[in-house]
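Undergrad: Pasting a structure here, questions to come.
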Amino acid sequence: MPKVVLFEVRVSQLAETTTEESVLKAFEDKTGVKAKEVKLLKDKEGKSRRICFLKYEVKEDMDKVVAIEKLTLDEVEVKV
């Protein structure tokens with residue numbers, strides 16, 4: 001079975017309270033496409049590092065996310 005290539009987008013400046021689920025929903029609501037995977041980075045104590053990665057199977061879906069100029073999530077403007 002061939003390996004699926006995923007296109008990755010880094011999202012930073014998240015609120016400390018932001019969850020993987022809220023990131024998925026916000027980006028799906030804004031772009032109309034759903035990420036294949038999301039990974040919120042955390043430190044050893046489980047505290048958010050305020051960065052996550054979204055992965056898409058289709059480059060055009062990733063391009064829609066990268067094209068976002070502004071997105072506010074949990075009252076914080078995030079950086080794509």
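The values are calculated or read from the model by the stated rules, or taken from the named source; none is laboratory data. Just so you know, these numbers come straight off a predicted model, no measurement behind them. Cβ placement follows ideal geometry from the backbone for every residue including glycine, while neighbour counts extend to all protein chains displayed.
Undergrad: Pairs only if they're at least six apart or on different chains, beta carbon under 6 angstrom, first in the stretch 38-51 and in contact (Cβ under 8 Å) with a residue 40 or more places away in the chain, second assigned to a strand (DSSP E or B) and not polar (S, T, N, Q); list them, first residue then second.
TA: Ile51/Leu41
Undergrad: If we scan the stretch 63-75, do we find a residue that is at pLDDT below 95, of a type in the set (D, E, K, R) and at positive phi?
TA: Yes, because at least one residue in the stretch 63-75 is at pLDDT below 95, of a type in the set (D, E, K, R) and at positive phi.
Undergrad: Among strands (runs of 3 or more DSSP E) lying entirely in the chain, which contain 2 or more residues that are among the small types (Gly, Ala, Ser) and surrounded by 18 or more Cβ atoms within 10 Å (Cβ to Cβ)? Talk me through it step by step, then tell me what you get.
TA: On the way: elements: 7-12, 37-42, 48-56.
Here the list is empty.
Undergrad: Residue by residue through the stretch 13-37, note down the ones that are of a type in the set (Ser, Thr, Tyr) and free of Cβ contacts under 8 Å to residues at least 40 places away in the same chain.
TA: Selection gives Thr19, Thr31.
Undergrad: On the given criteria, is Phe7 touching an Asp or Glu at 6+ places or on another chain (Cβ under 8 Å), aromatic (Phe, Trp, Tyr) and modelled with pLDDT of 95 or more?
TA: yes
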